[in-house]
Amino acid sequence: MKGMKKVKIVCNTSPLIFLNSIDKLDLLEKLFSEVYIPNSVYDEIRKKGEKEKILVNINHLLQKGKYRLYVVKNQMVVLSMLGRLHRGEVEVMVSYLELNADFALLDDLLARNKAQSMGINTIGTLGLLLLGFKKGYVNNLMSLIDQLILKGFWISEDVYGKIMETVERLK
């Protein structure tokens, strides 16, 4: 990647859990040169980590240097934003700003709306899979989305239909 801009993403818990559930955690390192996990997100993963071996997988990627932990510097901003948003979501937003990142990986609508109101470029699990499909890293996009739905991921019929149309158009 010499001479190319490093593309940074900061990740929240639920997208990491869903990507892990369909064996697509590696998609992040294929699409982005720097993948960051704020400490509070890592703590959430540690608490939920026995499910589907996500903790083992995240630790493996951290040890390989594929992912990086990030300690938010401005904890006062984090504390001032807590309320309707979870600490992990807030730390993703503050980390994005501190790191001058390119994307914040967030699925929660309230968190995405808040992030976008702060000028933060967001992407969700579905957007990430669609980007992977467009770049040739994901072949079976609709099958993966169906797997996500079976694992509790909510998607409206309208969005599902739009993704199907996009897949057909790109074939």
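The values are calculated or read from the model by the stated rules, or taken from the named source; none is laboratory data. Here the structure is a predicted model, which means the values were calculated and not measured. Heads up, the Cβs are rebuilt from the backbone with ideal geometry, glycines too, and the neighbour counts pull from every protein chain shown. All accessible areas refer to the heavy atoms of the entire protein, side chains included, with ligands and DNA or RNA removed. Shrake-Rupley method; radii C 1.70, N 1.55, O 1.52, S 1.80 Å.
Structure summary
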{"quantity": "Note, ³J(HN,Hα) from phi for region 103-114, Karplus 6.51, -1.76, 1.60, rounded to Hz, x at Gly and Pro", "calculated": "9, 10, 8, 9, 9, 4, 4, 4, 5, 5, 4, 4"}
{"quantity": "Angle in degrees between helix 157-170 and the longest Cα principal axis of the chain, rounded to the nearest 10", "calculated": "70 degrees"}
{"quantity": "Charged-residue dipole, Cβ positions (Lys, Arg, Asp, Glu), the chain about Cα centre, Debye nearest 20", "calculated": "520 debye"}
{"quantity": "Gain in span if fully extended, I155 to K30, counting 0.36 nm per residue against the direct Cα distance", "calculated": "42.5 nm"}
{"quantity": "Out-of-range pairs (alpha-carbon distance over 22 Å; input K24/K64; K66/K151; K24/K66; K48/K114)", "calculated": "K66/K151; K48/K114"}
{"quantity": "Cα-only Debye scattering, the chain: base-10 log of I(q)/I(0) at q = 0.09 Å⁻¹", "calculated": "-0.30"}
{"quantity": "Accessible surface, per residue, of region 77-167 when the full set of protein chains is kept, probe 1.4 Å, Å²", "calculated": "51 Å²"}
{"quantity": "Highest to lowest packing among 134-140, 91-97, scored as the average C-beta count within 10 Å", "calculated": "91-97, 134-140"}
{"quantity": "For T122, residues with placed amide H under 5 Å, excluding near neighbours", "calculated": "A104"}
{"quantity": "Leading residue at positive end of dipole, the chain (Cβ point charges), from V77, Y67, L126", "calculated": "Y67"}
{"quantity": "Calculated FRET value between L109 and L82, using beta carbons and R₀ = 25 Å, to 0.05", "calculated": "0.90"}
{"quantity": "Relative intensity, log₁₀ I(q)/I(0), of region 13-53 from a Debye sum that treats every alpha carbon as a point, q = 0.20, 0.31 Å⁻¹", "calculated": "-0.63, -1.15"}
{"quantity": "Sulfur and carbon atoms: percent of accessible area, region 69-171 [1.4 Å]", "calculated": "54 percent"}
{"quantity": "On Cα atoms only, tilt of 87-99 relative to the major axis of the chain in degrees", "calculated": "80 degrees"}
{"quantity": "Accessible surface ranking that places the most exposed of Y67, Y160 first, with a 1.4 angstrom probe", "calculated": "Y160, Y67"}
